[in-house]
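Reviewing the structure listed below.
The values are calculated or read from the model by the stated rules, or taken from the named source; none is laboratory data. Predicted model only: the values in this text are computed from it and were never measured. As a convention, Cβ positions derive from the backbone with ideal geometry for all residues, glycine included, and neighbour counts pool all protein chains shown. Note: areas computed on protein heavy atoms with side chains; ligands, DNA, RNA excluded. Shrake-Rupley method; radii C 1.70, N 1.55, O 1.52, S 1.80 Å.
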Amino acid sequence: LGGSEENPWTPIGTAENPFKGTLNGNSHTVSGLHINDKTKDDQGLFGVNAGTIGNLTVAGSVTGKDNVGGIVGTNTADGTIKDCTSNVTVSGENNVGGIAGKNDGTITDCTNNGSVTGTGNNVGGIIGSNTGTVNGSDNTGAVNGNDNVGGITGSNTGTVEDNRNSGAVTGTGTSAGGIAGTNNGSLDNDINTAPVTGKDDVGGIAGTNGENGTVEGCTNSGNVTGNGDGAPGAIIGNNQNTNPDAVKDD
């Protein structure tokens, strides 16, 4: 399947014509996925998904520009990804994730084991940029990026709940977190056990918790190291939400 420079994979679905069907992988594995074009957006096995993709494992490598993921480049508000595993090495610039680069829909019970690298903003083990919902998912892959780097999602304005990260998170710029680099949505009952290293605004759960961000019932046992201004936080590096109920242990 698209396993060489001479025979690269063409992603299924585009912004103009997204995939709208239902794919049940029946626990099969798609191996040998190969995409390597740093000029193209919406790169993955599926480019843009507005349907349902489930019960599928994908292995290989994907390199693109923005909205790059092991399973899907962009998951739209109508899109669902469930019970999928990515063993894909993923790299790009902005909105780079192990499962999906950008998520406006729903991602449930997925696992990423591949390394994820972004040279720009919004890099995450499961999702690069999330405005939708991600729950019950696990990341074990190393995550490396610049700004907004997280074990589950680089940036979040949606809902992130009941997820687990055990992949090392490294950011070279601002906002690195074990679960989310920057959170302006909700983080609920998420667990980080991995080391988090960054420059400014580094936290075991969220690097930056924005004015609209809430964190509840999340736990961190990973080491947190910040190399810039400001002390790193076991839970949050920089909390911008002044509501005393914005961050709760339970």
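Some values worked out for this structure:
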read-out	value
Surface accessible to a 1.4 Å probe, per residue, for the residues of the range 81-233, Å²	30 Å²
12 Å beta-carbon shell around Asn227, net charge (K/R +1, D/E -1)	-2
Local net charge near Gly181, Cβ-Cβ under 10 Å (Lys/Arg +1, Asp/Glu -1)	-2
Carbon and sulfur %, accessible surface of the chain computed with the full protein complex present, 1.4 Å	42 percent
Read-out mean projected area of the Cα convex hull in nm², derived from the coordinates shown; its label in (1) 20.0; (2) 11.5; (3) 18.0	(2)
Shape call, the range 162-250: gyration tensor on alpha carbons, a/c limit 1.5	oblate
The range 49-174: relative contact order in percent, alpha carbon pairs under 8 Å with at least 6 residues between	20 percent
Derived scalar couplings ³J(HN,Hα) [the range 181-190; Karplus, 6.51 cos²θ - 1.76 cosθ + 1.60; whole Hz; x for Gly, Pro]	x, 10, 10, 10, x, 10, 10, 10, 6, 9
Amide H contacts under 5 Å for Asp66, placed H, 5+ residues apart	Asp41, Asp42, Glu93, Asn94
Per-residue HN-Hα couplings for the range 52-61 [Karplus 6.51, -1.76, 1.60; θ = phi - 60°; Hz; x = Gly/Pro]	10, 10, x, 6, 9, 10, 10, 10, x, 9
Per-residue HN-Hα couplings for the range 114-120 [Karplus 6.51, -1.76, 1.60; θ = phi - 60°; Hz; x = Gly/Pro]	x, 6, 10, 9, x, 8, x
Extended-chain gain in nm, criterion 0.36 nm per residue less alpha-carbon gap, Thr10 and Asn189	60.7 nm
Amide H within-cut-off set for Ser61, under 5 Å, with H built and near neighbours excluded	Leu33, His34, Ile35, Thr89
Amide H contacts of Val215 (H built 1.01 Å from N, under 5 Å, at least 5 apart or other chain)	Leu187, Val247, Lys248
For the range 147-174 versus the range 1-70, the gap between their alpha-carbon centres in whole angstrom	22 Å
Exceeding the 22 Å Cα-Cα cut-off - candidates Lys38/Lys199; Lys20/Lys82; Lys38/Lys102; Lys40/Lys82; Lys82/Lys248	Lys38/Lys199; Lys40/Lys82; Lys82/Lys248
Theoretical gain in end-to-end length, Ala231 to Ser27 [0.36 nm per residue, Cα-Cα removed]	69.0 nm
Relative contact order of the chain, defined on C-alpha pairs under 8 angstrom at six or more residues apart (%)	10 percent
